[in-house]
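Q: Just passing along the structure, written as C-alpha cells.
The values are calculated or read from the model by the stated rules, or taken from the named source; none is laboratory data. This is a predicted model, so every value here is computed, not measured. Backbone-built Cβ (ideal geometry, glycine too); neighbour counts: all protein chains shown. Just so you know, the surface numbers come from the protein's heavy atoms only, side chains and all, with ligands and any DNA or RNA stripped out. Shrake-Rupley method; radii C 1.70, N 1.55, O 1.52, S 1.80 Å.
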Amino acid sequence: MTTAGAVETVFRMESARIIAGVTRIVRDVGIAEELAQDALVAALEQWPASGIPERPGAWLMATARHRAVDLVRRRETYARKLAEVGRALEDVPPPAEPADPDDIDDDLLRLVFTACHPVLSTDARIALTLRLVGGLTTQEIARAHLAPEPTVAQRVVRAKRTLAKAGVPFEVPYGADRAERLASVLEVIYLIFNEGYAATAGDDLLRPALCEDALRLARQLAALMPQEPEAHGLAALLEFQASRTATRTGPDGEPVLLADQNRARWNRLLIRRGVEALQRAGSGPYSLQAAIAGCHAAAVRYEDTDWAAIATLYGRLVLLVPSPVVELNRAVAVSMADGPAAALPLVDALAGEPALRSYHLLPSVRGDLLERLGRAAEARAEFERAASLTRNTRERELLLGRAAALPGLSP
C-alpha cells in the first residue's frame with residue numbers, strides 16, 4: 001500500500017474520533033471536520049518523507065487538536081479558552097484507541113447525540129451522523145438511505161450550519177431530551193453497522209471498522225440507558241450479526257451465502273452477548289430484528305432454521321415499520337417456510353415500489369425464487385439485472401456467477 005493509501009485508510013478509521021475530539025474544543029462540528037481534513041492534508045504532505053508514525057491515529061488527532069487550539073487562541077484569549085478545554089490538552093495527545101475495547105470515548109458519544117439534536121430534521125440527523133461518525137461519503141449515505149445524492153449533500157451542509165447557528169451544546173443529554181433523541185441515534189448506529197456489514201460500494205464486501213464502531217456505540221447506549229428496551233434490542237441485533245462476520249467472506253474476499261457459512265466458526269461469545277441483550281429487549285423494531293437474528297444463531301445447521309417463526313416475526317415487524325425492504329425480507333422467509341411459489345407473488349407486488357427501483361436485492365431475490373422454480377432463463381435475467389445495480393464488486397461477481405451457472409446458455 002502506498003503512503004497516501006495508508007493515510008487515507010487511517011483517516012477513514014479515525015476520522016470520527018478526531019472530529020469528536022476537536023468538536024469539544026471548537027464547539028462546531030463543521031469547523032471540526034475542516035480541521036480534521038487539515039490534519040489529513042498535513043499527513044499527506046509529511047508522511048511520505050518522514051514515514052508513517054508508530055501511532056498514526058494519535059498523530060492525526062494531535063495535529064487536528066493543535067490546530068483547534070491555535071484557532072481558539074486566534075479567536076479568544078489564550079487563558080480563557082484553555083481553562084475550558086484543559087491546560088494539558090495540547091501537550092498530551094490522546095491514545096489511538098480507547099483502553100477498553102468495549103468503552104467508547106465520551107467525545108464520540110457527544111458527537112452522536114449532538115448530530116441527532118432535535119433542531120435538525122430526522123433525515124438531516126441521520127445524514128450528518130453517518131458523515132461525521134461513520135465516515136461515509138455522501139454517495140454511500142444516499143445508497144444506504146435510498147435517497148438522491150444531491151439531496152443528501154444538501155442535508156449535511158445545512159445540518160452543520162443549523163447546529164452552529166443554534167449554538168447546540170456538545171454534550172450527552174439527560175432526561176426527556178435524551179429519550180427524544182434516542183430513536184434517531186439508534187437508527188444512525190443501525191445504518192452505520194449495515195454499511196460496514198454489506199458495503200454498498202468498493203472492492204470489499206465488509207468494512208469491519210464501521211461494524212466495530214457501531215457495535216461499541218450500541219453497547220454503550222444500552223449501558224447508558226438500561227431501562228430502554230430498544231437500546232438492548234439494537235445491541236442484541238448487532239451482536240448476532242457481528243457473530244457471523246468471519247464466515248461471510250471466503251479466502252479471497254468473495255461473499256459466502258448464509259446457507260454455505262461454517263457455523264462452527266460463528267463467534268459464540270458474541271452470540272451469548274446477543275442472547276443476554278435480547279432478554280432485556282422488548283417488542284420494538286430492533287428487538288424484533290434481533291429475535292430474527294437470534295433464530296439464525298440458534299440453528300446448528302442451516303436446515304434447522306425455524307423459517308416459520310422468522311416469517312411470523314417479519315410479519316409483526318412490517319406492521320410496526322411498513323417498508324418495502326422489510327416486506328422483501330418477509331418474502332424470503334416465506335419462500336423458505338412455504339416454498340418459492342408462495343413467495344413469488346409477494347416479490348412481484350414490490351416491483352413498482354419507487355424506493356426499490358435501483359435496489360439490487362429485489363431482482364436478486366426474484367432470481368433466486370425463479371431458479372428454485374426451474375425458470376432458468378428468467379432467473380438469469382434477474383441476476384444480471386441485480387449485478388448491474390450493485391456497486392459492490394464482490395456482490396457483482398457473485399450475481400454474475402450465479403447467472404452464468406444456470407443451464408441453457410449457448411456455447
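Q: Consider Glu382 against the criteria (1) on the phi > 0 side of the Ramachandran plot; (2) part of a helix (DSSP H, G or I): it satisfies all of them except one. Which criterion is unmet?
A: Glu382 satisfies every listed condition except (1).
Q: Under 8 Å between Cβ atoms, which residue pairs at least 6 apart in sequence (or on different chains) link something in region 155-167 that is at negative phi with a partner that is open to solvent by 50 Å² or more (accessible area, probe 1.4 Å) and among the hydrophobic types (A, V, I, L, M, F, W, C)?
A: Filtered contacts from region 155-167: Thr162/Val119; Leu163/Val119; Ala166/Val119.
Q: Out of Asn267, Asn262, report the one residue that is under 18 Å from Glu212 (Cβ atoms) and open to solvent by 40 Å² or more (accessible area, probe 1.4 Å).
A: Asn267
Q: I've got another one for you. If the Cβ limit is 8 Å and pairs must be 6+ apart or interchain, which residue in region 24-51 that is over 12 Å from Val7 (Cβ atoms) and buried (at least 20 other Cβ atoms within 10 Å of the Cβ) pairs with which residue that is modelled with pLDDT under 85 and of a type in the set (Asp, Glu)?
A: Arg24/Asp107
Q: Identify, please: which residue in region 207-239 is open to solvent by 30 Å² or more (accessible area, probe 1.4 Å) and hydrophobic (A, V, I, L, M, F, W, C) and is, among those, modelled with the highest pLDDT?
A: Ala223
Q: Looking at Ser364, Ser287, Ser283, Ser358, which is the one that is open to solvent by 70 Å² or more (accessible area, probe 1.4 Å) and hydroxyl-bearing (Ser, Thr, Tyr)?
A: Sole residue among the options that is open to solvent by 70 Å² or more (accessible area, probe 1.4 Å) and hydroxyl-bearing (Ser, Thr, Tyr): Ser283.
Q: Now, a different point. Here is a list: Ala199, Ala179, Ala159. Which entry is small (Gly, Ala, Ser), modelled with pLDDT under 80 and under 18 Å from Ala16 (Cβ atoms)?
A: Within the list Ala199, Ala179, Ala159, the selection yields Ala199.
Q: Inspect region 336-346 for any residue being part of a loop (DSSP other than H, G, I, E, B), among the hydrophobic types (A, V, I, L, M, F, W, C) and either open to solvent by 50 Å² or more (accessible area, probe 1.4 Å) or modelled with pLDDT of 95 or more (or both) and give the result as yes or no.
A: Checked against the condition, which is being part of a loop (DSSP other than H, G, I, E, B), among the hydrophobic types (A, V, I, L, M, F, W, C) and either open to solvent by 50 Å² or more (accessible area, probe 1.4 Å) or modelled with pLDDT of 95 or more (or both), region 336-346 yields no hits at all.
Q: Let me ask something additional. Taking only region 306-335 into account, find how many residues are part of a helix (DSSP H, G or I) and either without any contact (Cβ under 8 Å) to a residue 12 or more places away in the chain or of a type in the set (Gly, Ala, Ser) (or both).
A: Result for region 306-335: 9.
Q: In region 369-402, what residues are farther than 17 Å from Leu344 by Cβ, small (Gly, Ala, Ser) and either free of Cβ contacts under 8 Å to residues at least 24 places away in the same chain or open to solvent by 40 Å² or more (accessible area, probe 1.4 Å) (or both)?
A: Ser388, Gly401
Q: Quick check on Ala349: is it among the small types (Gly, Ala, Ser), open to solvent by 70 Å² or more (accessible area, probe 1.4 Å) and under 24 Å from Thr249 (Cβ atoms)?
A: So Ala349 does not fit the description; no.
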